[in-house]
Amino acid sequence: MKTAHFFIAGVVQKIGFRSFARDSAVKLGLKGVVRNMKDGRVEVVAQGDAEAMESLERLLWRGARDADVFSVDVEWADEPAFMRFDIEF
């Protein structure tokens, strides 16, 4: 199972981006977590098949309704399996 850390920069906090990311990931059958970072980015850690991960990356570039995404950086990792997709506060 693939695990990707997506780091999304831009206008992505306080606009519903975490909910957008979680809902998008769940619809794609992915598991993981989404969280705000102290530097203003949002991190999405997602697990699933490669096709779903590519679809998620495209959706993250689009972002939530009021988002203005400047970049989406991806780092691949080996991680223990997630049971569901959560938002961390």
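Derivation of every value follows stated rules applied to the coordinates shown; laboratory data play no part. Treat the numbers as computed from the prediction; the structure is a model and nothing was measured. Cβ: placed from backbone, ideal geometry, glycine included. Neighbour counts: every protein chain shown.
In degrees, nearest 10, range 0 to 90: what is the angle between the Cα axis of helix 17-27 and the longest Cα principal axis of the chain? Value to nearest ten degrees: 30. Computed over the alpha-carbon pairs of the chain, the distance histogram in 5 Å steps reads 3, 17, 31, 28, 16, 6, 1 percent, short to long.
Here's the picture: charge each Lys and Arg Cβ at +1 and each Asp and Glu Cβ at -1 in the chain, and of 34, 82, 52 the one pushed furthest to the positive end of that dipole is 34. Straight Cα distances below 14 angstrom link residue 27 to the aspartates and glutamates 49, 51, 54, 57, 86, with same-chain residues fewer than 8 positions distant left out.
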